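The values are calculated or read from the model by the stated rules, or taken from the named source; none is laboratory data. Since we're looking at a predicted model, the values are computed, not measured. Positions of Cβ are backbone-derived with ideal geometry, glycine not excepted, and every protein chain shown enters the neighbour counts.
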């Protein structure tokens, strides 16, 4: 960004009150620097499934929802961006961010764009699930980016989820339902408030008239799979990130370069990698380096971000659920909120999505991340084919992933326990006790953060009464833990230690059984509970009111266990 752009942003970004104000900040780096699919239509009328053989993006015109109604917007993110809250309800803003680009002010484009990517599941490449069995049909099937801007010296891309079909829709309807849109809207802002890198929520609108059929669970169902079809209101949420480049995108272009699938394959791989660096890593990778040097630096930087991210997921009890390479942001933040879940009862194999399997379970996320990093490195390798020295450096970075990951995981556990260094024996016994008792993950660590004298306060997190033997083991463990925190080299009072631990261990977690009644009420036009959850879950570390504590700081009711759509689900659309 040049000096003129910086000055303009400083003058305008704090006073964005209308869509016209926002339009002045437009800066389409992706569309201006990367290759458009040569078969794309300039007017964006490209809504049928087809193969996309080349190019980084396809121009697509969003399909607006009928009669959009305001549900919520992120007041915190609006404030960070310098947006007036009133804009979220303004006619032209609602029109654009519910998919109608026909009357947007210049220089906002009247078409958006969708991108293709490859699919890897746990490090194995898949092409046969593509309708054409070539891998050229995967991509943003219902996510359409519509705006890119530099705001307060930060580049942001705004993407509509549920904005209709794209060439990558694979025959689906391109819509998102209100249920899944509320889940994602709340989760993104909750994760940001937990200090976990994530895409952000901007706005959420629902159609007052348009509905689609989705498989879902009947009331009280304990079925693993949905047992009925229901009509659900369609919605469009806007998610925002510095970019939406995924590991799967690099993988697609890496595969094409490796197989020399078309004359521009290597050029397109290099372009997407350099674009990623410009978008996500320009502050840490010198632009004067050669491409080979940049590639090695990128791998090193991404490894650091990805390992820290996954350690943070475990810290706050988040399970991504479907951590394929196409759901792994190359910028190192949480991207996809489809079949995610926040853990209630501690279980290393926790996985709320019935299609996720143990390989994407809670404490296997570090290994799943390594599989994605392997695919990331494989995608970069063609750019280093004639640079043996840099190829060796890339291999060393890749081979060191597990060591770096383990270091971040141990540092995280030490921080949750208020320790200066990780104690494997102490942690292993705790993990065994948590699983055997069992305990509520969030409540346990929050109660431990009060540095209790005995185990009585911890029992608030226990899902059943203790037998004498296990109670004695808990007492011994607590005594051993207190001995450890008391022997830290830096003297700390109990209050100081407690304050420190409470900054690591949140009090409030976005549990599915909180979200279900919110989206059920919202489907009937009542958004009060959605907005209440938004308020509570954007202050997850705070000691909130007594009413909030009684409502949201408690064990999962036993009657909710094993309920379809609440304890598990097989779709998230």
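The table below lists the values:
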item: Complete set of residues in region 458-478 that are loosely packed, with under 12 Cβ neighbours inside 10 Å and touching a residue at least 24 places away in the same chain (Cβ under 8 Å); result: 464
item: Long-range neighbours under 6 Å by Cβ, at least six apart or interchain, first residue closer than 23 Å to residue 387 by Cβ within region 285-314, second at pLDDT 95 or above and not in a helix (DSSP H, G or I); result: 292/387; 294/285; 297/285; 301/281; 301/284; 302/332
item: Any hit, region 141-164, residues being without any contact (Cβ under 8 Å) to a residue 40 or more places away in the chain, part of a loop (DSSP other than H, G, I, E, B) and farther than 30 Å from residue 108 by Cα; result: no
item: Qualifying residue in region 514-532 (condition: under 30 Å from residue 423 (Cβ atoms), touching a residue at least 60 places away in the same chain (Cβ under 8 Å) and in contact with a strand residue (DSSP E or B) (Cβ under 7 Å, 6 or more places away or on another chain)); result: no
item: Number of the exception - residue 535 against (1) part of a helix (DSSP H, G or I); (2) surrounded by 14 or more Cβ atoms within 10 Å (Cβ to Cβ); result: (2)
item: Residues being at pLDDT 95 or above, surrounded by 14 or more Cβ atoms within 10 Å (Cβ to Cβ) and either in a loop (DSSP other than H, G, I, E, B) or touching a strand residue (DSSP E or B) at 6+ places or on another chain (Cβ under 9 Å) (or both) - total across region 482-508; result: 5
item: Qualifying position, being free of Cβ contacts under 8 Å to residues at least 60 places away in the same chain, over 26 Å from residue 68 (Cβ atoms) and over 34 Å from the mean Cα position of the chain (by Cα), among 498, 493; result: 493
item: Residue list for region 302-321, restricted to those being surrounded by 20 or more Cβ atoms within 10 Å (Cβ to Cβ), out of contact with any strand residue (DSSP E or B) (no Cβ under 6 Å at 6 or more places or on another chain) and farther than 22 Å from residue 541 by Cα; result: 302, 303, 306, 307
item: From 103, 15, 89, 76, residue being over 30 Å from residue 263 (Cα atoms) and at pLDDT below 95; result: 15
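Results for (1) outside the structural domain of residue 138 (by TED's automatic domain parsing); (2) under 22 Å from residue 530 (Cα atoms); (3) not in a loop (DSSP other than H, G, I, E, B), shown as yes or no for each residue.
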| position | (1), (2), (3) |
| --- | --- |
| 215 | no, no, yes |
| 221 | no, no, no |
| 229 | no, no, yes |
| 235 | no, yes, yes |
| 240 | no, yes, yes |
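Conditions (1) closer than 20 Å to residue 155 by Cβ; (2) in the same structural domain as residue 17 (by TED's automatic domain parsing); (3) within 24 Å of the chain's Cα centre (by Cα), marked per residue:
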residue: 62; (1), (2), (3): no, yes, yes
residue: 66; (1), (2), (3): no, yes, no
residue: 70; (1), (2), (3): no, yes, yes
residue: 78; (1), (2), (3): yes, yes, yes
residue: 85; (1), (2), (3): no, yes, no
residue: 88; (1), (2), (3): no, yes, yes
residue: 91; (1), (2), (3): no, yes, no
residue: 98; (1), (2), (3): no, yes, yes
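Conditions tested, residue by residue: (1) touching a helix residue (DSSP H, G or I) at 6+ places or on another chain (Cβ under 9 Å); (2) surrounded by fewer than 21 Cβ atoms within 10 Å (Cβ to Cβ); (3) without any contact (Cβ under 8 Å) to a residue 24 or more places away in the chain.
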| site | (1), (2), (3) |
| --- | --- |
| 76 | yes, yes, no |
| 99 | no, no, no |
| 107 | yes, yes, no |
| 115 | yes, no, no |
| 119 | yes, no, no |
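Okay, residues lined up against (1) modelled with pLDDT of 95 or more; (2) crowded, with 20+ Cβ neighbours inside 10 Å; (3) on the phi > 0 side of the Ramachandran plot; (4) touching a helix residue (DSSP H, G or I) at 6+ places or on another chain (Cβ under 6 Å):
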{"position": "207", "(1), (2), (3), (4)": "yes, yes, no, no"}
{"position": "210", "(1), (2), (3), (4)": "yes, no, no, no"}
{"position": "213", "(1), (2), (3), (4)": "yes, no, no, no"}
{"position": "235", "(1), (2), (3), (4)": "yes, yes, no, yes"}
{"position": "241", "(1), (2), (3), (4)": "yes, yes, no, no"}
{"position": "246", "(1), (2), (3), (4)": "yes, yes, no, yes"}
